[in-house]
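The values are calculated or read from the model by the stated rules, or taken from the named source; none is laboratory data. Nothing here was measured: the structure is a model prediction, and the numbers come from that model. Cβ placement follows ideal geometry from the backbone for every residue including glycine, while neighbour counts extend to all protein chains displayed. The area values use the complete protein model at the heavy-atom level, side chains included, leaving out ligands, DNA and RNA. Shrake-Rupley method; radii C 1.70, N 1.55, O 1.52, S 1.80 Å.
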Amino acid sequence: GAGSAATPGSLSAEQSPSKTSLTAASSGKMLNLKIRINPGDINFPVKVLSSCTVGELKRTIAEQSQEAASPVKDLQEGRQRIMFMGRELQGGQRLSDLGFDEQKIVQVFLRPATAATTK
């Protein structure tokens, strides 16, 4: 059986010079961000990939806030205003493009809960 074409993990992918840059762009590096919620002055850490967008960061904050030492109630994405380095971030921006790095503090200001945010 000379079926060498069916070998798992073909070499072409390994030899491709663009493989490393592609992976870096799509996955990014893991960031440990410090989230500070206002009002309430609640702090908790969040792990997120540098390649994710601000919108994905909001979703991650909403999810990981439930696992924090003091869970934050009603931290829906729609209520979050993400402030970083003195400016409000928009949902489609990538963290890597905004200069996010390890151990950065991200301010999250909560809009008042309205009827629209409750189910």
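Quick rundown of the values:
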read-out: Hits in region 48-89 (condition: in a loop (DSSP other than H, G, I, E, B) and modelled with pLDDT of 90 or more); value: S50, S51, C52, L89
read-out: Residue selected from region 90-99 under the condition touching a helix residue (DSSP H, G or I) at 6+ places or on another chain (Cβ under 9 Å) and in a loop (DSSP other than H, G, I, E, B), by the criterion most open to solvent (accessible area, probe 1.4 Å); value: Q90
read-out: Residue in region 28-45 that is farthest from D97 (Cα to Cα), counting only those that are assigned to a strand (DSSP E or B) and without any contact (Cβ under 8 Å) to a residue 60 or more places away in the chain; value: I42
read-out: For Q103: the one exception among (1) of a type in the set (S, T, N, Q); (2) open to solvent by less than 20 Å² (accessible area, probe 1.4 Å); (3) assigned to a loop (DSSP other than H, G, I, E, B); value: (2)
